Amino acid sequence: MKILLVSPSAYPEIKAHGGLMIPQLALHILEGLTPPEHEITTIEEEIAEVDLDAECDVVGISFMTSNAPRAYELAGEFRKRGKKVVFGGIHPTILPDEAAAYADAVVVGEAEGVWEQVLDDCKNNRLKPRYHEGAVSLDRYIPMGSRRVGKKQSFNAVPVMTTRGCPYSCDFCCVSEIYGKKIRHVPISNVVRGIEEAAGDMYIFLDDNIIGDPHYAKELFRAIKPLKIKWGGQASISFVHDTELMRLAADSGCVALFFGLESVSEIQLKKMRKSIKDIARLGEAIKKIKGMGIHFHASFVFGFDDDTPEVFPETLDFMMKNKIGSASLNILTPYPGTRVYTQFKSEGRLISENWKYYDHSTVVYRPKNMTPYELQTGLIGAKKEFSSFGSIFARLPWNMAHPLIFLGSNMAARKNASNDQLKLPNVVNEIFNQATLPNIIPMSLQPALQA
Ligand code: B12
Ligand code: SF4
């Protein structure tokens, strides 16, 4: 069979280029699982056009919540043209009944263990509406040589995943729901083999927390050190409590880490599972990590029930004081399948269930201590200020370990802030104006918006 694998984009008219470009690992795992008798093509809509008339028998579409509407649109077009469509990924796993209305089959959860069956059933015209294997073993080596092809298509980082599952279940996250609470590991020898075969320049570990199991992480770092690669990943701030772990990470080529700090409010930090709950100690931790020559990328979330408009200047102040290298600034998003979603839904606080806007940068609910408009514009203002040239140059001298990463990530943040500003009128018209105006947009701004 001819198989087309697609990763849709929520905004297909905007193509990404430059910055850190990582191919979608799920597509390459599917490719690696596909028996050689089939022919496979992968398309990432973020960088390339999807040809609806492409010659193929079956189309596999992988998507998270924000690109679900686009996935459904593409599926409709392909099915009109007589192709079979199979869905998989985060969103169809969380809402399989919704997804089933737009596809011939939905794979719930992980593809390992079911993809070959799906293809066999498709070939023999007996596709089942749903497939689900549960938490699979990660012991099998899946070759992904085509990641080199990905590199040619303007990607510049090779994705690697070493673990799945998370023992926590934070209110705003669906990961343990999807992958389970037990951490499962890829054998270290397979990780090393994958890195060697990909032959890339820069690797990104996609794990939710690369140091989630410190014993495994230490073994991994020792094993990849001889490969002399450069890598980045996500880690929890508890990293700082283990000097040996930090040293091994740095020696194995770690150049940048992403830390979900989420909030600078001590009330909020106390509510979350964070190993550091006071702000002064957080500052010391940042200094220590940067001191190891690791670029510090922080992620913050705005819009928790305790947040007031003061959260924006407070967070900016913290980031500037601690000379944070770069940051992702996000809006709390009630993704389906999370406790936050269930809570906001039951409290009648959701103002949009258009999944396209479930992207961490759009307000889709009524916050407690701000209007949605204040939260939306507060986020844009904070993004603009932190990525202003004044802020970039003020932080540069303290982020000289990797100046290209520093400049690249801050330039990407500038672009992201201007994209959010461009989307604002749409957000106002499509979400905020749909809800009752007086509760949402400050009265003083309403005439201007209606004009
Ligand atoms: C790495 C990552 C990123 C990277 C992605 C880099 C890249 N190009 O791959 C970056 C940093 C760019 C990113 C950005 C975002 N991310 Co992200 N990301 C992740 C993370 C940590 C891993 C994703 C991953 O690649 N996993 C590895 C692959 C192999 O797993 P998988 O996709 O689930 O695929 C398996 C199965 O689902 C299935 N499958 C998948 N697709 C298909 C298709 C078919 C046909 C079949 C049969 C099976 C199948 O088989 C695969 C193998 O078993 C997840 C958390 C997590 N643990 O999943 C969050 C996560 C997916 N991200 C999330 C979010 C919200 C975002 C952002 C919107 C946030 C933001 N604004 O910054 C953006 C959106 C980006 C976009 N382009 O749309 C949420 C999604 C929630 C939701 N309901 O949608 C998650 C779950 C994080 C969370 N804790 O909530 N992300
Ligand atoms: S936010 Fe991180 S720690 Fe919390 S459940 Fe999700 S993956 Fe686990």
Using alpha carbon coordinates only, what is the Rg to Rh ratio of the stretch 158-201, with Rh defined as the Kirkwood radius? 1.13
Keeping all protein chains in position, work out how much accessible area C56 exposes to a 1.4 Å probe, and write it in Å² to the nearest 10. 20
Estimated vicinal HN-Hα couplings, Hz - the stretch 128-144 in sequence order (Karplus 6.51, -1.76, 1.60; Gly, Pro = x): 8, x, 9, 10, 7, 9, x, 5, 9, 6, 9, 6, 6, 7, 10, x, 10
For the stretch 179-187, in residue order, the Karplus 3J(HN,Hα) values (coefficients 6.51, -1.76, 1.60; θ = phi - 60°; whole Hz; Gly and Pro = x) are 9, x, 8, 8, 7, 10, 10, 7, x
Where in the stretch 64-108 does the label zone of D53 land, with the point 7 angstrom along Cα→C-beta and an amide N cut-off under 16 Å? 77-83
Listed residue pairs exceeding 20 Å between alpha carbons, taken from K290/K323; K230/K323; K277/K384; K384/K423; K383/K415; K290/K321: K230/K323; K277/K384
So, in Å, what gap is there between the alpha-carbon centers of the stretch 309-333 and the stretch 396-433? 13
Out of all DSSP beta bridges in the chain, what portion is antiparallel? Express it as a percent rounded to 5. 5
Helix-only [θ]222 nm of the chain, DSSP H runs n ≥ 4, -39500 (n - 2.57) each, per residue, nearest 500: -11500 deg cm²/dmol
Please list, by residue number, every one of the trypsin sites (Lys or Arg not before Pro) in the stretch 18-121 that is coil in DSSP and has at most 12 other beta-carbon atoms within 10 Å. R81
Find how much the distance from F393 to K2 grows on full extension, using 0.36 nm per residue of separation minus their present alpha carbon separation; answer in nm with one decimal. 135.6 nm
Just to verify a number: FRET efficiency for I142 and E310, C-beta to C-beta distance, R0 = 56 Å, to 0.05? 0.70
Between the stretch 1-23 and the stretch 155-188, what is the C-alpha centre distance in whole Å? 22
Which residue, A68, V58, H38, has the largest displacement toward the positive end of the dipole of the stretch 1-78 when charges sit on each Cβ (Lys, Arg +1; Asp, Glu -1)? A68
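Would you tally the net charge around H295, using a Cβ to Cβ cut-off of less than 12 Å, leaving H295 out, and scoring K and R as +1, D and E as -1?
Once all neighbours under 12 Å are counted, the net charge is +4.
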Please report the orientation-averaged projected area of the chain, defined via the convex hull of its C-alpha atoms, in nm². 21.2
The stretch 247-321: GluC sites (Glu not before Pro) falling in loop per DSSP and having at most 16 other Cβ within 10 Å: E310
Mean 1/r over distinct Cα pairs of the stretch 104-256, inverted to a Kirkwood Rh in Å, yields 17.1
Could you tell me which residue out of A26, I392, F312 lies farthest along the dipole of the chain toward its positive end? Charges go on the beta carbon: Lys and Arg +1, Asp and Glu -1, centred on the Cα centre. I392
Amide H partners (placed H, <5 Å) of I61, local residues excluded: V6, V86, F87, G88
Cysteines without a disulfide-compatible partner [the chain; Cβ-Cβ under 4.7 Å]: C56, C122, C166, C174, C254
Expressed as a percent, the accessible surface of the stretch 70-219 that is carbon or sulfur, using a 1.4 Å probe and the full set of protein chains, is 51
How large is the accessible surface of I267 in square angstrom, using a 1.4 angstrom probe and rounding to the nearest 10? 110
Which distance in nm do the two modelled labels at E353 and C170 give, with both placed 7 Å along the Cα-to-Cβ direction? 2.6
Directionally averaged shadow of the stretch 2-132, computed from the convex hull of its alpha-carbon atoms, nm²: 7.5
Given a 1.4 Å probe, how much area per residue of the chain is accessible, in Å²? 44
Counting other Cβ atoms within 10 Å, which trypsin sites (Lys or Arg not before Pro) in the stretch 175-249 have at most 12 and lie in a DSSP loop? K182, K228
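The values are calculated or read from the model by the stated rules, or taken from the named source; none is laboratory data. All values reported here derive from a predicted model rather than from experimental measurement. Neighbour counts run over all protein chains shown; Cβ positions are idealised from the backbone, glycine included. The protein model used for the area step is the full one, side chains on, heavy atoms only, and it has no ligands, DNA or RNA in it. Shrake-Rupley method; radii C 1.70, N 1.55, O 1.52, S 1.80 Å.
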